[in-house]
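Have a look at the structure below before the remarks.
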Amino acid sequence: MIGRLSGVLLEKQPPHILLDVQGVGYELDAPMSTFYQLPALGEKVTLHTHMVVREDAQLLYAFSDKRGRDLFRELIRLNGVGPKLALALMSGMDVDELVMAVQHQDVSALVKIPGVGKKTAERLLIELRDRFKAWEAAPGAITLAGPVVGGGVPVKPSADAVSALIALGYKPQEASKAVAAIDKDGLSSEELIRRALKGMV
């Protein structure tokens with residue numbers, strides 16, 4: 001099991017990351033909450049990881065801290081929640097927001113996440129309630145700041161943002177509309193994704 005990787009950030013195209021670890025390139029998938037905290041391309045970064053081994057693939061998921069990885073592991077233990085849905089949940093809400101939603105049994109907060117209907121949200125909240133008893137939202141939970149921009153700005157940040165939202169489970173039309181509503185000159189693709197997700201949620 002690979003639990004942590006330290007290396008140079010080569011690529012970041014949500015939700016995918018390419019990390020060079022002593023000459024070996026590791027492909028990882030990560031929630032947007034981790035993308036917001038990534039350094040510029042070419043810089044060193046340490047990520048906590050979770051490995052999923054399937055018959056047809058070996059997949060690595062990356063998180064900026066252990067708390068995020070622990071949340072991911074709690075989510076994929078639930079019936080009907082796979083890695084893709086877990087990433088969508090963690091992209092639409094940060095750890096503290098999700099903990100608060102569970103504590104308050106807030107169905108409306110979850111149903112806005114792609115792939116989560118009302119019945120699924122209700123079931124997830126009930127199952128997570130017991131698991132989250134030991135979890136607490138961090139005092140004065142910090143709102144995630146925008147990412148550090150670097151390594152070359154994409155020609156079309158809006159197109160990158162739309163494709164990332166689609167990869168996270170949103171419908172193409174829905175993703176395009178959300179990005180168009182907040183598209184402004186000078187915003188990076190990650191900032192557009194962050195704002196679009198906040199608008200959707």
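Criterion applied to GLY23, GLY115 was being of a type in the set (Gly, Ala, Ser) and either modelled with pLDDT of 90 or more or over 26 Å from ALA175 (Cα atoms) (or both), and the one residue passing it is GLY23.
From the list VAL45, VAL81, the lone residue that is farther than 16 Å from ILE2 by Cβ and not charged (D, E, K, R) is VAL81.
Taking THR34, is it touching a residue at least 12 places away in the same chain (Cβ under 8 Å), of a type in the set (Ser, Thr, Tyr), touching a strand residue (DSSP E or B) at 6+ places or on another chain (Cβ under 8 Å) and open to solvent by less than 10 Å² (accessible area, probe 1.4 Å)? Yes. A residue that is touching a strand residue (DSSP E or B) at 6+ places or on another chain (Cβ under 6 Å) and within 20 Å of ILE166 (Cα to Cα) occurs nowhere in the stretch 42-58.
The values are calculated or read from the model by the stated rules, or taken from the named source; none is laboratory data. Fair warning: this is a prediction, and the values are worked out from it, not measured in the lab. Note: ideal-geometry Cβ built from the backbone for every residue, glycine included; neighbour counts use all protein chains shown. Ligands, DNA and RNA are stripped out before the accessible areas are found, and what is left, the full protein with its side chains, is counted by its heavy atoms. Shrake-Rupley method; radii C 1.70, N 1.55, O 1.52, S 1.80 Å.
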